[in-house]
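Engineer: What follows is a structure written as structure tokens; I'll ask about it next.
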Amino acid sequence: MDEDETQKQRLKAAVHYTVGRLCQHIAADCEKQITKQTIAAIAETASRQCDIFAKDLEAFARHAKRHTVTVDDVKLTARRTTALYNYIQQKSEELALNNQELKRKRNAAKSKSKDMEAEENELED
Amino acid sequence: MANAGNEVVFKKETVAKLLTRSFKEDKTKVSSDAGDAVAEMLKVFVEEATRRAVKQADSEDCDTVDIEHFEKILPQLLLDF
């Protein structure tokens, strides 16, 4: 199971890295220093919190008789604090809009390149 | 390094892998949007943790945020999430 362990370590390192950057950013913003020990503790807590999220999400999806976790499931995990729930609600709406925009642009680009191809083929003939 | 436009986020891949590792069933998957939402939840969690610890350090007149400051705010943080 060495591969598994390696992946676990890699994930922990990735989390630690991002958490470190976030913490430094906020501490600098508040004009404070933050110890490495504290960052490590926050990273560890975040990993554990993610584990709790995962188990909740799986349970919610299962309850809805689904195999795929959706945004609605994630919103449920934010139910305890109203401010958090509203924030995630807002963010997920923004994400949905962004994705729609991206899709539209991609489709526009696709049909453009198809038109150009058709033109080229005509010229070649 | 501190750019106003540069936001620190959790990578989608990392989040997806973290979640699937903790799932009890192999069949359970995560939709792309859900992955983004969880990344956002984690980011808020870390931000909240840091800001509360900073506030605690502040209330104790410390310039450095130490692990004890984090430990003091941890219980309420976990309850709020």
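The values are calculated or read from the model by the stated rules, or taken from the named source; none is laboratory data. In this text, all values refer to a predicted model and were calculated from it rather than measured experimentally. All Cβ positions, glycine included, derive from the backbone under ideal geometry; neighbour counts span all protein chains shown.
Engineer: From the residues in the range B:8-26 that are more than 7 Å from every other protein chain (Cβ to nearest Cβ) and part of a helix (DSSP H, G or I), which one is surrounded by the most Cβ atoms within 10 Å (Cβ to Cβ)?
Structural biologist: B:VAL15
Engineer: Here's something else I'd like to know. When you go through (1) within 9 Å of chain B (Cβ to nearest Cβ); (2) closer than 17 Å to B:SER22 by Cβ; (3) under 17 Å from the mean Cα position of the chain (by Cα) one by one for A:GLN7, which number turns out not to apply?
Structural biologist: Every listed condition holds for A:GLN7 apart from (3).
Engineer: Given the conditions (1) free of Cβ contacts under 8 Å to residues at least 12 places away in the same chain; (2) within 19 Å of the chain's Cα centre (by Cα), report the number of the one that B:LEU77 does not fulfil.
Structural biologist: Only one criterion is unmet by B:LEU77, namely (1).
Engineer: May I pose another question? In the list A:ALA40, A:ALA118, which residue meets the criterion of being in a helix (DSSP H, G or I), aliphatic (A, V, I, L, M) and at pLDDT 95 or above?
Structural biologist: Criteria check complete, one pass: A:ALA40.
Engineer: Follow-up question, since we're still on this one. Which residues, counting only those in the range A:5-48, are among the hydroxyl-bearing types (Ser, Thr, Tyr) and closer than 15 Å to B:VAL44 by Cα?
Structural biologist: Within the range A:5-48, A:THR18, A:THR45, A:SER47 qualify.
Engineer: Go through (1) among the hydroxyl-bearing types (Ser, Thr, Tyr); (2) surrounded by 17 or more Cβ atoms within 10 Å (Cβ to Cβ); (3) farther than 15 Å from A:ALA43 by Cα one by one and return the number of the condition B:THR64 breaks.
Structural biologist: (2)
Engineer: Moving on. Give the residues of the range A:81-98 that are surrounded by 15 or more Cβ atoms within 10 Å (Cβ to Cβ) and within 14 Å of the chain's Cα centre (by Cα), sorted by residue number.
Structural biologist: Once the filter is applied, which keeps residues that are surrounded by 15 or more Cβ atoms within 10 Å (Cβ to Cβ) and within 14 Å of the chain's Cα centre (by Cα), the range A:81-98 yields A:ILE88, A:LYS91, A:SER92, A:LEU95.
Engineer: Can you tell me which residue is farthest from the chain's Cα centre (by Cα) among those in the range A:62-80 that are of a type in the set (A, V, I, L, M, F, W, C) and more than 10 Å from every other protein chain (Cβ to nearest Cβ)?
Structural biologist: Selected residue: A:ALA64.
Condition check ((1) within 7 Å of chain A (Cβ to nearest Cβ); (2) surrounded by 15 or more Cβ atoms within 10 Å (Cβ to Cβ); (3) among the acidic types (Asp, Glu)) across all residues:
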site: B:THR28; (1), (2), (3): yes, yes, no
site: B:SER31; (1), (2), (3): yes, yes, no
site: B:VAL38; (1), (2), (3): yes, yes, no
site: B:LEU42; (1), (2), (3): yes, yes, no
site: B:THR50; (1), (2), (3): yes, yes, no
site: B:HIS69; (1), (2), (3): no, yes, no
site: B:GLN76; (1), (2), (3): no, no, no
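Quick grid of which residues meet (1) of a type in the set (Val, Ile, Thr); (2) at the interface with chain B (Cβ under 8 Å from one of its Cβ atoms):
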| position | (1), (2) |
| --- | --- |
| A:GLU3 | no, no |
| A:ARG21 | no, yes |
| A:PHE60 | no, no |
| A:THR82 | yes, no |
| A:SER92 | no, yes |
| A:LEU95 | no, yes |
